[in-house]
Amino acid sequence: MKIGIDVGGSHIGLGIIDSNKNLFFKQEKDYDICKADMSRIVLETIIKLMNKSLKDKQISIQEIESIGIAFPGTVTNGIVVKAENLGIENFKIVEELKKDFNVPIYLENDAKCAAIAEKKHGSLKKYDDAIFLIIGTGVGGAAFLNGKLLKPKRYSGFEVGHMVIQKDGKECNCGRKGCFETYASMKRLKEKIKTEFNLESTDGKQIRQFIIENKDNSILNKILDDYIDYLYIGITNLINIFEPEAISIGGSFAYYKEELLKRLENKLYEKEELYNKENTPKIVLAELKNDAGIIGSTMLDNKILDK
């Protein structure tokens with residue numbers, strides 16, 4: 001058995017994979033973002049989730065082959081170098097967890113983990129040249145060329161969320177201005193809708209229901225169109241650089257097929273910004289949804305990143 005841990009912007013998910021590679025147990029725990037002490041909060045939340053999961057399923061740590069961690073931000077050699085949306089820097093998470101759990105522990109960027117799972121088991125199985133985007137609290141990504149995951153030697157790379165799409169634009173948590181994720185993250189979209197319509201929450205289900213119930217509202221449609229315009233700019237940049245056969249989108253975006261994906265497809269197939277207009281890549285939603293990061297993190301010990 002293997003354990004996969006997916007660290008998100010507001011919660012942590014943990015899953016257990018059996019010998020048949022099936023996700024047979026999953027639980028999540030929310031946490032409050034307090035950037036002054038997020039390393040400790042994340043570590044304590046993971047440890048509590050681990051202990052509770054093992055106890056609930058009556059599994060000893062000796063039965064666990066490995067632990068994989070999908071973490072948002074720049075990671076290398078078991079260290080979270082930086083995760084701007086959580087206010088974390090130089091967090092030796094693998095070293096800390098090994099104090100409590102003496103098993104092999106692997107760490108990778110969350111988008112890479114989700115991409116690995118989607119490439120092996122989900123929406124990207126049929127494609128050799130593909131891009132995966134995770135759109136939620138921020139925007140992360142991964143790219144496959146000739147079936148191989150692109151990965152730099154030093155860091156996790158492919159930080160598409162920090163590609164500038166608006167000169168002198170809104171300030172990003174990374175310190176730059178005009179980053180892709182400051183305009184195209186689901187967090188920003190939800191906050192915009194909440195503020196404009198005086199909603200009580202940015203809960204994904206409530207926001208989606210509000211969009212469905214107000215589909216003819218002109219102000220709401222303007223917000224959605226503006227959001228898609230910015231998302232389109234970033235995606236067409238990636239298409240022009242990598243010429244993928246397909247782009248898979250995960251994160252909370254994957255739950256808005258009718259509300260957002262259709263708008264994006266309509267915009268993309270106008271082909272106005274594409275350099276090569278003959279072969280527009282297919283846009284698909286992540287099939288594994290929020291389980292992708294967990295499943296992908298349990299595959300890190302197979303050296304799939306080196307293939």
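Nothing in this text is a laboratory measurement; each read-out follows from the coordinates by a stated rule. Model, not experiment: these values are computed from the prediction. As a convention, Cβ positions derive from the backbone with ideal geometry for all residues, glycine included, and neighbour counts pool all protein chains shown.
How far is helix 110-121 tilted, in degrees, relative to the longest principal axis of the Cα atoms in the chain, given as a value from 0 to 90 rounded to the nearest 10?
Orientation of helix 110-121: about 90 degrees from the principal axis.
Quick query: amide H of G78 versus all other amide H atoms, modeled in the peptide plane; which residues come in under 5 Å with a sequence gap of 5 or more or a different chain?
L107
So what are the three principal axis dimensions of region 244-293 from its Cα atoms, in whole Å, longest to shortest?
Largest to smallest, the principal-axis extents are 34, 22, 12 Å.
Taking square-rooted eigenvalues a ≥ b ≥ c of the alpha carbon gyration tensor, is region 191-280 rounded, prolate or oblate, where a/c under 1.5 means rounded and, failing that, a/b exceeding b/c means prolate?
Prolate.
Can you give me the long-range amide H partners of G8? Hydrogens built in the peptide plane at 1.01 Å from N, cutoff under 5 Å, separation of 5 or more residues or another chain.
Residues meeting the criterion, in which the H sits 1.01 Å from N, are G13.
Net charge within 13 Å of R263 by Cβ-Cβ distance, Lys/Arg positive one each and Asp/Glu negative one each, not counting R263 itself?
So the environment of R263 carries a net charge of -2.
Which of the GluC sites (Glu not before Pro) found in region 175-226 are loop residues per DSSP with 11 or fewer other Cβ atoms within 10 Å of their Cβ? Numbers along the way, then the final one.
Numbers: sites: E181, E191, E196, E200, E213; in loops: E200.
Qualifying residues, ordered by number: E200.
How about K205: which aspartates and glutamates have a C-alpha closer than 17 Å to its C-alpha, ignoring those fewer than 8 places off in the same chain?
Partners found: E28, D30, E191, E213, E258, E259.
Along region 149-164, what does the Karplus equation 6.51 cos²θ - 1.76 cosθ + 1.60 (θ = phi - 60°) give for ³J(HN,Hα), rounded to whole Hz, x for Gly and Pro?
With coefficients 6.51, -1.76 and 1.60, one gets 6, 6, 8, x, 6, 8, 10, 5, x, 6, 7, 5, x, 10, 7, 6 Hz.
For mean projected area of the Cα convex hull in nm², the listed values are [x] 16.0; [y] 21.9; [z] 14.1; which was obtained by calculation from the structure presented?
[x]
So what's the back-of-envelope 222 nm ellipticity for the chain, counting only DSSP H runs of four-plus at -39500 (n - 2.57) apiece and dividing by all residues, rounded to 500?
-10000 deg cm²/dmol
Karplus couplings for region 242-247 from phi (6.51 cos²θ - 1.76 cosθ + 1.60, θ = phi - 60°), rounded to Hz, Gly and Pro as x?
Result, ordered by residue: 9, 6, x, 6, 8, 10 Hz.
As a quick test, which of the pairs K215/K262; K21/K126; K29/K55 have an alpha carbon distance above 18 angstrom in this structure? Write down the numbers at each step before the final one.
Numbers: K215/K262 13 Å; K21/K126 20 Å; K29/K55 16 Å.
Correct reply: K21/K126.
Work out the length of the dipole vector of region 126-286 about its Cα centre, built from +1 on the beta-carbon of each Lys and Arg and -1 on the beta-carbon of each Asp and Glu, and round it to the nearest 20 debye.
Magnitude of the dipole: close to 500 debye.
Only Lys, Arg, Asp and Glu count, each charged at its Cβ (+1, +1, -1, -1), so figure out the dipole size of the chain about its Cα centre, rounded to 20 debye.
480 debye
Excluding same-chain residues fewer than 8 positions from K151, which aspartates and glutamates have a Cα within less than 14 Å of its Cα?
Within the straight-line cut-off, K151 pairs with E108, D110, E159, D306.
What residues qualify as long-range amide H neighbours of I283, i.e. H under 5 Å apart, gap of 5 or more or another chain, H built at 1.01 Å from N?
Distant-sequence amide H within range of I283: I247.
With viscosity set to 1.002 mPa s and temperature to 20 °C, compute the Stokes-Einstein D of region 1-159, Rh being the Kirkwood radius across alpha carbon pairs; µm²/s, no decimals.
For the chosen part, D equals 132 µm²/s.
Sorting check: for 115-127, 80-92, which peptide has the highest mean count of neighbouring beta carbons within 10 Å, and how do the rest follow?
115-127, 80-92
In Å, what Rg and Dmax follow from the Cα atoms of region 126-286?
15.8, 49
Just to confirm the number: angle between the C-alpha axis of helix 186-197 and the first principal axis of the chain, 0 to 90 degrees, nearest 10?
Around 60 degrees separate the two axes.
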